[in-house]
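The values are calculated or read from the model by the stated rules, or taken from the named source; none is laboratory data. All figures in this text were calculated on a predicted structure; none of them were measured in a lab. We place every Cβ from the backbone using ideal geometry, glycine too, and count neighbours over all the protein chains shown. Calculation scope for accessible area: heavy atoms of the full protein, side chains included, ligands and nucleic acids excluded. Shrake-Rupley method; radii C 1.70, N 1.55, O 1.52, S 1.80 Å.
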Amino acid sequence: MLKLANISVAYKDKKVLDNFSLTADAGEIIGVVAPNGTGKTTLFNVMANFIKPNTGNVTFNEKYTYQSEKEELFIHKNLTTFPEQSDLFEELTGVDHLNLYGDMWKGTRRHIPGIIEQLKMGNYVKRKVRTYSLGMRQRLCFAMMIAADTPIMLMDEVMNGLDVANVALISERLIELKKEQKLIFVASHLLGNLDLYADRVLYLKDGKIIHQQQLNRKNDVYLKLSLDPSQYQKLKTDYKLPAEHLYIANQLFCLPLEEMELSEQTKWIECLLDFEGPELAIGPLGTVDYYKKYYPDTK
């Protein structure tokens, strides 16, 4: 378990994290979503002890903190952060990097061949890193974390530079890691991809969590239709809309169905079918929808 209590980090007059608190458990993948410059990387750096918060503390397994050198060493033995591509050694091979992480954290190399096979790295992993493409380097960075095999993993932009096939490959491996009871934080700009494996997604603003989207529990069901502003105004004029409805980013009308009787649901479906445009959809809001809701001015 990892617990952040009342964490605040400020640079000069700007608060990047403001009295931030969070509890996370083993076997959970937590997505972290926000525009650039809103504290995602700072949050990860506080958890990894790369940055000391101005106030608050981080606790692991309900008793270990960064307050003593002995406990700090214990935490670092159980936590890894996603390597920067710039930290890779150009003259070493991929195998060398995997062996290094296996030795430093897990204390063995026996699992390395299985990682290479699972992530389909066999055709290049014995070559020097200076010959690698961006996608190869990113897959190696992910494989290094798997080689470390720590209970807690912090992955900042793990999907950066990967093609569709590699995104799918790593997504599948993340699901397996969750089953192995790893606690994983993932910050990613591939919003729809988070819906595939995250248990919850945190949305940050002004140094705080403004929304937690639960993906592993029952989600609210919405009737969804793309409407331009003029169509939305017409709908508001012609019908009395429930107060709980959403109009996201001036384009997506969402009507909650959870508390609506079947006859009422049928009435609204028939009403919205009169509007020309994309097909009417029924389902929960995804990460992309919530992102547009909370950050409407961000492209």
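A few remarks follow.
- Contact order relative to length of region 148-299, as percent, for alpha carbon pairs under 8 angstrom and 6 or more apart: 22 percent
- Angle between the chain longest axis and helix 229-238 axis [Cα atoms, degrees, rounded to 10]: 40 degrees
- Between Gln214 and Ala281, the C-beta separation translates, for a Förster distance of 22 Å, into a calculated FRET efficiency of about 0.65.
- Relative contact order of the chain, pairs being alpha-carbon contacts under 8 Å that are 6 or more residues apart, as %: 20 percent
- Among Leu73, Leu285, Leu262, the largest mean-square fluctuation in a Gaussian network model of the chain, built with springs joining Cα atoms closer than 10 Å, belongs to Leu262.
- Here the simple spin-label model places points 7 Å from the Cα toward Cβ, and for Asp195 and Asn123 these points are separated by 3.2 nm.
- Counting only DSSP beta bridges whose two residues both lie in region 40-196, roughly 25 percent are antiparallel.
- Computed in the context of the full set of protein chains, the accessible area of region 118-275 at 1.4 Å probe radius has 50% of its extent on carbon or sulfur.
- Accessible surface calculations at 1.4 Å, restricted to protein heavy atoms, place region 1-112 at 52 Å² per residue.
- Nonlocal amide H pairs with Gly27, under 5 Å, H built at 1.01 Å: Gln181, Lys182, Leu183
- Helical mean residue ellipticity (222 nm; -39500 (n - 2.57) per DSSP H run of 4+; nearest 500) of the chain: -9500 deg cm²/dmol
- Built amide H within the under 5 Å cut-off of Lys208, gap 5+: Asp18
- Rounded accessible area of Tyr239 (nearest 10 Å², 1.4 Å probe): 90 Å²
- Placing one equal scatterer on every Cα of the chain and applying the Debye formula, the log10 ratio I(q)/I(0) at q = 0.08, 0.13, 0.14 Å⁻¹ is -0.44, -0.97, -1.07.
- For region 72-143, GluC sites (Glu not before Pro) are listed when DSSP marks them as loop and at most 11 other Cβ atoms sit within 10 Å of their Cβ; the list is Glu84, Glu90, Glu91.
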